[in-house]
1. Choose one of L45, A157, A178: the residue whose Cα lies farthest towards the positive end of the charge dipole of the chain (beta-carbon charges +1 Lys, Arg; -1 Asp, Glu; about the Cα centre).
2. With a Förster radius of 30 Å, plug the Cβ-Cβ distance of Q97 and R200 into 1/(1 + (r/R0)^6) and report the FRET value to the nearest 0.05.
3. Using Cα springs under 10 Å in a Gaussian network model of the chain, which residue among A165, A24, A133 shows the largest mean-square fluctuation?
4. In percent, what relative contact order does the stretch 31-239 have, based on Cα pairs under 8 Å that are 6 or more apart in sequence?
5. Going toward the positive end of the dipole of the chain, with +1 on Lys and Arg Cβ and -1 on Asp and Glu Cβ, which of M33, F111, G220 do you reach last?
6. Taking 7 Å along the Cα-to-C-beta vector as the label spot, tell me the M33-R19 distance in nanometres, rounded to one decimal.
7. Only Lys, Arg, Asp and Glu count, each charged at its Cβ (+1, +1, -1, -1), so figure out the dipole size of the chain about its Cα centre, rounded to 20 debye.
8. What residues from the stretch 94-114 fall in the zone where the backbone N is under 20 Å from a label point 7 Å along the Cα-to-C-beta line of M82?
Amino acid sequence: MDSERPPYATACSVDDFRRNLEAARARIAAACMRAGRDPSGVRLLPVSKTVPEARLRLAYAAGCRELGENKVQEAQGKAEAMADLTDLRWSVIGHLQTNKAKHVARFASEFQALDSLRVAAALDRHLQAEGRALDVFVQVNASGEASKFGLAPEDVAGFVRELPAFASLRVRGLMTLALMSSDPDRVRPCFALLRGLRQRLRQEAPDGIGMDALSMGMSGDFELAVEEGATVVRIGQAIFGARALPDSHYWPEPGRGSEGG
């Protein structure tokens, strides 16, 4: 686990980013080998929250073609500033307020934190106005913590049954944030729960609703997530370097006014 690793050094050059990307992919490949999986079935999503444009351009030069951001305003600003990089895709991975849906509909290629029909409706309305579609993941609160967003596991099937009404949303699968702990025996069950939920939903999801993808695992736990079936891992610090503030700062508690948007 990453809690046993030294703090990640800040990547400041194209070579730094290449090394970090290669190291992350090597760790993914090793986890796949342990689980009997093909590494090509795991997508690495670099998470660039708080990282300035200049360093993101270095990451792009090192091969990054998609970036994940928690906060809509930060993501939109970066997307506009880097619009010259026409093959760069943006994934919004943090909680979304309905009044920010119009912004996501304009620039994002993916939204990984869908847990509200009101947000689904707002996104669908604005996407139709833009003539666009959006890949989405349903966020599940697999750890059961009150401080985290996402649907309770028992509510996901009913929620998914409502999603065909939103034609501009392309449902790809499920996303979760595991319990933040250095104890693998506490973290792994969160990932196993999501994998089991995905297996059940595959049998009953409506036509047109995809349940192939599992987005789970961050810098501190992505190897466990891969072992448990992750198809997308969201890696920030292991690629860009340590952040000044803890993860809790970027995942505000439900009910607060600045909810990740």
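1. L45
2. Values: r = 30 Å, r/R0 = 1.00.
The pair Q97/R200 has a calculated efficiency of 0.50.
3. Per the Cα network of the chain with a 10 Å cutoff, A165 tops the list.
4. Values: 400 pairs, mean separation 41.8, N = 209.
In percent, rounded to a whole number, it is 20.
5. Farthest towards the positive end: F111.
6. 2.2 nm
7. For this selection, approximately 300 debye.
8. 94-95, 103-113
Read-outs: derived from the displayed coordinates by stated rules, not from any lab. Please read all numbers here as calculations on a predicted model, not as lab measurements. So basically every Cβ, Gly included, is an ideal-geometry build from the backbone, and we count neighbours across all protein chains shown.
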